[in-house]
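Structure first, commentary second.
The values are calculated or read from the model by the stated rules, or taken from the named source; none is laboratory data. Given the structure is predicted, the values throughout are model-derived calculations rather than measurements. Cβ: placed from backbone, ideal geometry, glycine included. Neighbour counts: every protein chain shown. Only protein heavy atoms, including side chains, enter the accessible area calculation; ligands, DNA and RNA are left aside. Shrake-Rupley method; radii C 1.70, N 1.55, O 1.52, S 1.80 Å.
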There are 2 protein chains.
Amino acid sequence: MKNLVRQNILNVKPYVPGKPIEEVQRELGLKDVIKLASNENCLGPSPKALDAVRKSLKDINRYPDSSSFYLKKRLAKFLGVREDELIIGNGSDEIIVLAVKTFVNPPDEVVIAKPTFLIYEIASQVQDARIRNVSLTRDYKYDLKEMRKAVNDATKLVFIANPDNPTGTYVTKKALDDFFSSIPDDVIVFLDEAYYEFAKVSFKDYPNGLDYLNRENVIISRSFSKAYGLAALRVGYGISNAKFINYMERTREPFNVNLLAQAAAAAALDDKAFLKRTLRHVEKEKKFLYDAFDRSNLEYVASATNFILVNVKKDCVKVFDALLEKGVIVRDMKAWGLDSFIRVTIGTHEENRKFVEGLKKVMEEL
Amino acid sequence: MKNLVRQNILNVKPYVPGKPIEEVQRELGLKDVIKLASNENCLGPSPKALDAVRKSLKDINRYPDSSSFYLKKRLAKFLGVREDELIIGNGSDEIIVLAVKTFVNPPDEVVIAKPTFLIYEIASQVQDARIRNVSLTRDYKYDLKEMRKAVNDATKLVFIANPDNPTGTYVTKKALDDFFSSIPDDVIVFLDEAYYEFAKVSFKDYPNGLDYLNRENVIISRSFSKAYGLAALRVGYGISNAKFINYMERTREPFNVNLLAQAAAAAALDDKAFLKRTLRHVEKEKKFLYDAFDRSNLEYVASATNFILVNVKKDCVKVFDALLEKGVIVRDMKAWGLDSFIRVTIGTHEENRKFVEGLKKVMEEL
């Protein structure tokens, strides 16, 4: 009997997410488990967002607003763009998937850094695109010059994570300006700014994707899962020209964003105090972790995000497993081809201390 | 400058959902508005589901479990299937989209009734499939004999909504058995059972899709948005053989189902009292509406769901608009090509009375 699945689907390696706390508790029989694996906000959700969710609970038997009317209105004002330049997604992951689904057709090519956020590659494989991978520089940064060279007549889309995940590095305004000045007009540049807020507050030469919106073929995505602390609810958004947004809207499922996510996201934008507290906490604790790594002679990559890539110079899966036994979930970087690296999310001070102590023991033991 | 969008996307007609209550209040300046437009559960969500949501609120800064571990476990037990025979979606809409994305490749054909649930056509257009439409019978039922005839060597997938939306009719066990006995093994049959619970309780000859799972190429989808009253949260599921589920999992975004939806759905399965109350209410109020239509000499289609298709024998958009002015949102059937029909969801008794009175006046006035 013939195999009915599309052949390109057989090549897709499913994404392996950070282990949930409950799963580790269940599998290892541990009680105290901390998760520093998925770049979540350790301070919780914005209290204003939580209030908005509570107020919306009475309506959960009704379909959510397909157009995300209020959230778009609020976001448009917040960003200084028009509502028809916005599309709301079930997380910013979905914006990536919708962009690929809307614009990429075999034999189109996409240009993707390696390693970087894995969803670019998965979404492109699902769409049967030809993928051109471009290695990072030696200091774990996007190599925009090489990425430019990988662009040819077949290239439809280039992904740029800024800041990048899992490295935490960012592309400077100068580098991005240079890239844009040389890229052909008919190549779409997708700027993934899931960690925008963290980079913006710390680095003056970090560019704001919105400044490139005057160009024809730019799509920007941002998230409420990171700095805004709403990962469980699934909400992110895309910004582009109205024509592109109209096309992408055609590939969106009508009720892709749940009611509680819409309400929470709109409220979170108003909670400036929470965002400020989050960014200050991350800055402070990043220094605490840098110091700890320095004391242990561990190399790490300076981060523009709420996580740090650390070179443990041992088999990262072994380090990951050993930390798990101590009730600390981090992310081993094997799936990204960084076999001696782990990625750790900035947690609460107590969590970060537990991680530092755990890692110290693990490094001695292994 | 060349148009960068995939050409098939230009043919996609975006889905137009039922108008939200807030939108009508805003646009028409009305205060009392009832919505009988989206086949939601008028009794609200299951109270047990609501409790589960409240308990999960503390974790909304964390990513949801990508594997929907607990919900799958609970569903597997509930349905008597294995966990690897299940996939959880952001509504059962998403199961439809994932099936098309996993299995359909141009120049594959799909067979779709006309009119029926619009997402089959939209998902197929987005995937650039060739669509073969097959008209319903004169009594608004799926014509499985004609659908069988539309199947050829290029056919990859046949959609069967059972019961159907927007007609409310269903395919009998005998008709489905006959269809399956003649369909080639390499054609996937997608059974959409979003309204399963309503049909099951009322019609002895309504088939349970699970009884066809012993066949190789069957995918079933079900929803928590209808009888379980959780439309706002977005959760539905697919059931198929483990191989198909594995393929579909590769095209699923890792965090497609939010945390609160997972918790609510698992709890809703335990709330047998709420489901019973819902089904009893719908049966009783359907009779109330049938009687009202009979008294007004309005033709309607006998329904196996929580909505009724009514032939108002006037321009349905005018009837829709006139009802809107009276604060009653129904669905005009123009987008389905049923130009003299409206579709009304079973509401609370008070809502149904308001609708009946409103419709009576509208029919006199127009």
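For the pair A:Glu357 and A:Asn133, what calculated FRET efficiency results from E = 1/(1 + (r/R0)^6), where r is the Cβ-Cβ distance and R0 = 25 Å, to the nearest 0.05?
Numbers: r = 37 Å, r/R0 = 1.50.
Taking R0 as 25 Å, the efficiency between A:Asn133 and A:Glu357 is 0.10.
The accessible area of A:Cys42, taken with all protein chains in place and a 1.4 Å probe, comes to roughly 30 Å². Each part gets one Cα centre, and for segment B:66-126 versus segment B:206-233 those centres are 9 Å apart.
Do any chymotrypsin sites (Phe, Trp or Tyr not before Pro) in segment B:191-241 lie in a loop, going by DSSP, with at most 15 other beta-carbon atoms within 10 Å of their beta carbon, and if so which?
Numbers: sites: B:Tyr195, B:Tyr196, B:Phe198, B:Phe203, B:Tyr212, B:Phe224, B:Tyr228, B:Tyr237; in loops: B:Tyr195, B:Phe203, B:Phe224, B:Tyr228.
For chymotrypsin sites (Phe, Trp or Tyr not before Pro) across segment B:191-241 that sit outside H, G, I, E and B with at most 15 neighbouring Cβ atoms in 10 Å, the list reads B:Phe203.
Ellipsoid fit via the Cα gyration tensor, segment B:166-295: semi-axes of 28, 23, 12 Å, each the root of five times an eigenvalue, largest first.
Out of the trypsin sites (Lys or Arg not before Pro) in segment B:1-80, which ones are loop residues according to DSSP with at most 16 other C-beta atoms within 10 Å? Show your work: numbers first, answer last.
Working: sites: B:Lys2, B:Arg6, B:Arg26, B:Lys31, B:Lys35, B:Lys48, B:Arg54, B:Lys55, B:Lys58, B:Arg62, B:Lys72, B:Lys73, B:Arg74, B:Lys77; in loops: B:Lys2, B:Arg6, B:Lys31, B:Arg62.
Those that pass, being in a loop and sparsely packed, are B:Lys2, B:Lys31.
Most simply put, segment B:133-241 has about 30% antiparallel DSSP beta bridges, counting only bridges with both residues inside it.
Under a 1.4 Å probe, what is the accessible area of segment A:230-366 per residue, stated in Å²?
Values: 5150 Å² over 137 residues.
So segment A:230-366 comes to 38 Å² accessible per residue, rounded to a whole number.
Pairwise Cα distances in chain B exceed 34 Å in 27 percent of cases.
Determine the percent antiparallel among the DSSP beta bridges restricted to chain B, to the nearest 5. Walk me through the intermediate numbers first.
Details: 18 of 38 bridges.
Percent antiparallel among DSSP bridges in chain B is about 45.
Evaluated on segment B:118-225, the Kirkwood hydrodynamic radius is 14.4 Å, with distances taken between all distinct Cα atoms. Surface burial for B against A, with a 1.4 Å probe and both sides summed, reaches about 6700 Å² of accessible area. Close Lys pairs in segment A:23-93, defined as Cα atoms under 25 Å apart and 8 or more places apart or on different chains, number 10.
When the helices of chain B are scored as -39500 (n - 2.57) per DSSP H run of n ≥ 4 and the total is divided over every residue, the value at 222 nm lands at -12000 deg cm²/dmol.
Across the copies of the chain, B:Asp139 has label points (7 Å from Cα along Cα→Cβ) spaced 7.7 nm apart, shortest distance listed first.
Within the full protein context, the accessible area of A:His349 is estimated at about 80 Å² for a probe radius of 1.4 Å.
Let's test the formula: R0 of 45 Å, r as the Cβ-Cβ distance of A:Asp291 and B:Asp270. What FRET efficiency results, to the nearest 0.05?
Details: r = 50 Å, r/R0 = 1.10.
Rounded to the nearest 0.05, the efficiency is 0.35.
The peptide list A:103-115, A:172-184, put in order of mean Cβ contacts within 10 Å with the highest first, becomes A:103-115, A:172-184.
Rg then Dmax, both in Å and based on the Cα atoms of segment A:279-346: 11.8, 33.
The mean accessible area for residues of segment B:68-140, using a 1.4 Å probe and ignoring ligands and nucleic acids, is 37 Å² per residue. Distance from the alpha carbon centroid of segment B:1-46 to that of segment A:1-29 works out to 33 angstrom.
Taking 0.36 nm per residue of separation and subtracting the Cα-Cα distance, full extension of the segment from B:Asp84 to B:Lys204 would add 40.2 nm.
In the assembly of identical copies, A:Leu30 has its label point, taken 7 Å from Cα in the direction of the beta carbon, separated from the corresponding points by 5.6 nm (ascending, one decimal).
Across the identical copies, the label point of B:Pro184 (7 Å from Cα in the Cβ direction) is separated from its matches by 3.9 nm, in order from shortest. Taking the centroid of alpha carbons for each part, segment B:298-318 and segment A:267-292 are 56 Å apart. Accessible-area loss of 30 Å² or more (1.4 Å probe, protein heavy atoms, chain alone versus all protein chains) is found in segment A:109-151 for A:Val126. Shielding of peptide B:244-253 by partners, expressed as the average count of other chain Cβ atoms within 10 Å per residue Cβ, is 6. Applying a DSSP loop filter and a limit of 14 other Cβ atoms within 10 Å to the chymotrypsin sites (Phe, Trp or Tyr not before Pro) in segment A:241-296 leaves nothing. For segment A:63-103, a decrease in accessible area of 50 Å² or greater in the assembled protein chains relative to the isolated chain, with a 1.4 Å probe, applies to A:Tyr63, A:Tyr70, A:Asn90, A:Lys101. Stokes-Einstein diffusion for the protein assembly as shown, with the hydrodynamic radius set to the Kirkwood value over Cα pairs and evaluated at 25 °C in a medium of 0.890 mPa s, equals 92 µm²/s.
Roll a 1.4 angstrom probe over the protein heavy atoms and tell me the percent of accessible area of the protein assembly as shown that is carbon or sulfur. Carbon plus sulfur share of accessible area: 50 percent.
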